[in-house]
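Some notes on the structure that comes next.
The values are calculated or read from the model by the stated rules, or taken from the named source; none is laboratory data. Bear in mind the structure is a predicted one, so any value in this text is a computation, not a measurement. Methodologically, a virtual Cβ is constructed for each residue, glycine included, from the backbone with ideal geometry; neighbour enumeration extends over all protein chains shown. Each accessible area value is taken on the protein alone, full model and side chains, heavy atoms only, with ligands, DNA and RNA left out. Shrake-Rupley method; radii C 1.70, N 1.55, O 1.52, S 1.80 Å.
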Amino acid sequence: MINFHKDHKSLVNTSLTVFAGLSVLVAVIPAYQMQETQPLPAMQPMTEAQTRGLDLYISEGCVACHTQQVRNIEMDKVWGGRPSVPSDYYYSKKRMDVWRQSPSLLGSERTGPDLTNVGKRQAGQEWHLLHLYNPRIVVKESVMPAYPWLFSEKSEKQLSEKDVVVPVPAAFLKPGAKKIVASREALALVEYLVSLKQADIGGEPANGFIPSVKKPAAEGSGTAGLPDGAALYSNTCAACHQADGKGLPGAFPPLAGSAIVNDADPGQLIRIILQGYDARPEYGVMAPFADVLGDEEIAAIATHERSSWGNQAPAVTAEEVKKIREYILTLKP
Amino acid sequence: MKKNFEYIYDKIVRNKLTLLSGLLLCPALSFGQGSTKNWMLNPGVLGTLALIVLVLLVLVLIVYYRVSEFISGSRHKEEAARKLEFSESLVGLNQAEIDAILERRRAALGYRLSGQELGSEVAAEDKRGVIAGVTHEPRNPLVDEKKRTRLDLETPDALKQIVIWYLGAAVFWLVFGTAVGQYVGMKFVWPEMDSVRWLSFGRLRPVHTNTVFWGWASLAMIGLGYLVVARTSNTLIHSYKWAWIGWMLINLSVLSGNVSLMAGLNNGGGEYREYTWPVMLLFASALILTFRNFYKTVAQRKVSEIYVSNWYLLGGLLWTITLVTIGYLPVFQDGLGETVIQGYYMHQGVGMWFMTFTLGLIYYYLPSSLNKPIYSYSLGVLAFWTQMLFYTLIGTHHFVFSPLPWWLQTVAIVFSVGMFIPVVAGTTNFLMTMRGSWSDISKSYVLPFFLVGVIFYFTGSSQGSLQAFRFTNFVWHFTDFNVAHSHMTMYGIITFILWACVYAVLPKLTGREPRQFFVGVHFWMAFIGLFAYMISLMAGGTLRGLSWMNGGPFIESVILMQPYWVWRAIGGSLMFLSHLVFAYNFMVMVRRPEISYQPGAPAPGGLEAGSKA
């Protein structure tokens, strides 16, 4: 009989063996198993610039506040169309170099939004550059740090053709400041962020979302049967067009008083939301939301936009959105 | 936005009423899951609330003892004044009076029993000189006297120096690490405090966590551990040189690790695994060296049994060496393999290193400071093995609902509940050891520090188990509630226990007591600060989780956190200031004694000590 109280050798050996055994069972073996995944067919390997962007993402410690995992519970639905699966991380979670292991992208704090699908929500480079230069330019209440060191100041004369100038509003510039130019690092980071899109898994995902909350019945201002347009607007649109609908001069157009928004026929507005928009050189490019938002959600957002900030136009129904969506599909080659 | 917030707020107020009536009327209600409507009735949430109330009760207890001590203290003053008056009247006696007294004394000493003493009508008077050795100290003076016994003569100078230097470096890292933590916490309120790349939030946050982990707690634990192995094995440390090499390696790893983190070089951002492998190799080498040293010391012990503290110290070192090796081996860390290891590593880092080692310290310093044996040796052994079995299996509870295998998540949740066994065993053991010594709370701050640490051991660990439930995870995961929990444990348990040990042993080693007033300032500022920190983040975190569950816009959940972040910063400031007071107390305790011995008397023990290192 081993006497642990008097035999230090067996005490130490036993506690080491059992602990190491349990560790192998609960950590090493599952870790090996989790490594054996293949990428989804729709996924692309990361480009060189995206890899540099990811590098910066890690070295600046973005993972301290931003997760990249859509959990299989309903509240995470806003961050992606389906729960994350191990294959999603096939290209991004590889050992970075001799010194650094595979990046801890899943994260443990959601102080800022989840970034799994940020490339779909926020496809424009301008928005990201402005946001990195100072997040409070585009999101007034943001507590994210500013990253001015990813940008340089140049005078009009020093600007070259290749320079990407960021339209920073005067209020956020030092007096007498010159043009703000994005560095190579900043562009790589934005390229990485814009590339973050959930790949299509094909068909319905095997493991759907676990419902959590019975939606509070008919809360807020939504027209009967539609989801809450104000909340959807705040989540999806306000980062560019702002909560007050006034947009940002030189970057994002205002919706308040806009002719397209107030048009009695909502067709143009719905098409822009579905297909994106790049008709006006003085503003940034708008991404298409056809894959991100459903008919009812788009109807709710459009209705909210048409009835807020002094806008007065009739409500939009999901049927109208559906019709236009079908029409657009027929246009596609 | 405002409407939605009011909606949540309303709901909470309404639910408080529901909660009360629910508790009174129908216990079965408390299992109503699956909707935010009854979130407060969830067992996990209820349990957490009960645990917070428990901590509050302990606070009340400590206040009660301190206040009653203060009141009786003023009574003592009156008594002392009367005594002084009496002594002065003695001095004022004239010769005749003194003679009369002495004459009576002579008669008393010469008195012989007459055999008729019982039942007489004579007034009670000790004419016979029976009563001797009177003391005015009402509480067990012999025990108190022994407790003050100094260890400075029987502890070798080399060992004393090791303990002091390990603790000294630990104090430095505590002040530095929490200054960084406080700065980082303030950035939630003022995100544009600076625009220096090296000081940006993402880079400084791991500097805070790693410094307090590997700098403060680890160094303090090992330093205190050296004294435990030597004393409980009744022998000398195997190699003082190894101890010094270990000291240098750990400090070097924290220093180089922090510089590289601030320069933007980290291991991939996994929590507590931010130091790159060369840095962690320094740390692991120090652990291996320390383990060898402890092991050899225990092996050459002069007593046949291995005291239970040493089980924990050796186990903690051995497990942590294994843990760091698995955490940094590159072959199974691609894809979600890294995530499995991350859950395992960050949980075990706390459980197998800080918690296990600190428990070992309690098993020595708590009974020795109360001058009594531990309540139950066997409970300590039970807690040791169950700690190893259950703690090891629960790392994945940091990734509930993630793409990690569902079975792994379930194992983690089930064994999180199993953690109640070691936690209850340990807590019972410590509280039963304290039983009967509650009056010590009023005598010094050592017991209050221990008591708070032990209570947080129970509440913090149990709360962690409750947080692993799927429903509670639903509300709290990803919110600042996690940050509150980690401060409740790493600060409430580990740091408070380490302080208790330092205040218990350093004065005995150096012969210098810190001013009780300043120890009190340290205690109360740290405790109240921690409470403000914890409660604000728990409340804010809960509201934030609810806002997410209700599908509110994300930015609204940022706005609603702002007042709670302010309160966190206030609590954090109190905690940080208390560390400055602690650093001052530490200086007082280790300052070299002024040389004031009598010529001809042997030199005091600590004399040549200061010249080393």
Carbon plus sulfur, as percent of the 1.4 Å-probe accessible area of the protein assembly as shown, comes to 63
Across A:82-89, the residue-averaged tally of Cβ atoms belonging to other chains within 10 Å stands at 4
Going through B:Lys83/B:Lys443; A:Lys140/A:Lys174; A:Lys140/A:Lys323; A:Lys94/A:Lys197; A:Lys93/A:Lys179 one by one, the pairs whose alpha carbons sit over 30 Å apart turn out to be A:Lys140/A:Lys323; A:Lys93/A:Lys179
Expected field for A:Asp291, accessible surface area in Å² at 1.4 Å probe radius, rounded to 10, holds 130
Across B:470-476, the residue-averaged tally of Cβ atoms belonging to other chains within 10 Å stands at 2
Partner shielding of B:293-302, taken as the mean number of other chain Cβ atoms within 10 Å, equals 1
Taking Cα atoms, the helix B:406-418 axis meets the longest principal axis of chain B at an angle in degrees (rounded to 10) of 10
Taking a probe of 1.4 Å and leaving out DNA, RNA and ligands, region B:339-421 shows per residue an accessible area in Å² of 25
If one compares the long axis through the Cα atoms of helix B:43-91 with the longest principal axis of the Cα atoms of chain B, the angle in degrees, nearest 10, works out at 20
Of A:108-116, B:427-435, B:353-361, A:280-288, ordering from highest average Cβ density within 10 Å down gives B:353-361, A:108-116, B:427-435, A:280-288
With every protein chain in place, the accessible area of B:His347 for a 1.4 Å probe, in Å² rounded to the nearest 10, comes to 20
Once the in-chain neighbours fewer than 8 apart are removed, the aspartates and glutamates whose Cα is under 17 Å from B:Lys302 read A:Asp7, B:Glu154
Taking chain A, the equivalent ellipsoid from its C-alpha gyration tensor has semi-axes in Å, biggest first, of 43, 28, 19
Relative to chain B, whose Cα atoms define the longest principal axis, helix B:337-348 and its Cα axis are tilted in degrees, nearest 10, by 10
With every protein chain kept in place and a 1.4 Å probe, region B:534-593 has an accessible area per residue in Å² of 32
Mean separation of Cα contacts under 8 Å (at least 6 apart) over the residue count of region A:229-331, i.e. the relative contact order in percent, is 27
Restricting to aspartates and glutamates and to Cα separations under 14 Å from B:Lys160, and discarding same-chain partners fewer than 8 apart, the set is B:Asp152, B:Glu608
Quick tally, 1.4 Å probe accessible area for A:Asp244, A:Asp76, A:Asp295, sorted with the most first, runs A:Asp244, A:Asp295, A:Asp76
On the formula 1/(1 + (r/R0)^6), with r taken between the Cβ atoms of B:Arg197 and A:Val285 and R0 of 22 Å, the FRET efficiency rounded to 0.05 is 0.15
Placing one equal point scatterer on each C-alpha of the protein assembly as shown and summing with Debye, one gets log10 I(q)/I(0) at q = 0.05, 0.06, 0.07 Å⁻¹ equal to -0.37, -0.51, -0.66
Share of Cα-Cα pairs in chain B beyond 35 Å, whole percent, is 46
Computed over region B:439-491, protein heavy atoms only, probe 1.4 angstrom, the accessible area per residue in square angstrom equals 16
Rounded to the nearest 10 Å², the 1.4 Å probe accessible area of B:Leu289 is 40
With a 1.4 Å probe and ligands and nucleic acids left out, the total accessible area lost when B pairs with A, in Å² to the nearest 100, equals 8100
Distance in Å, no decimals, from the C-alpha centre of region A:248-316 to the one of region A:1-41 is 57
Percent relative contact order for chain B, counting Cα pairs under 8 Å at least six residues apart, stands at 16
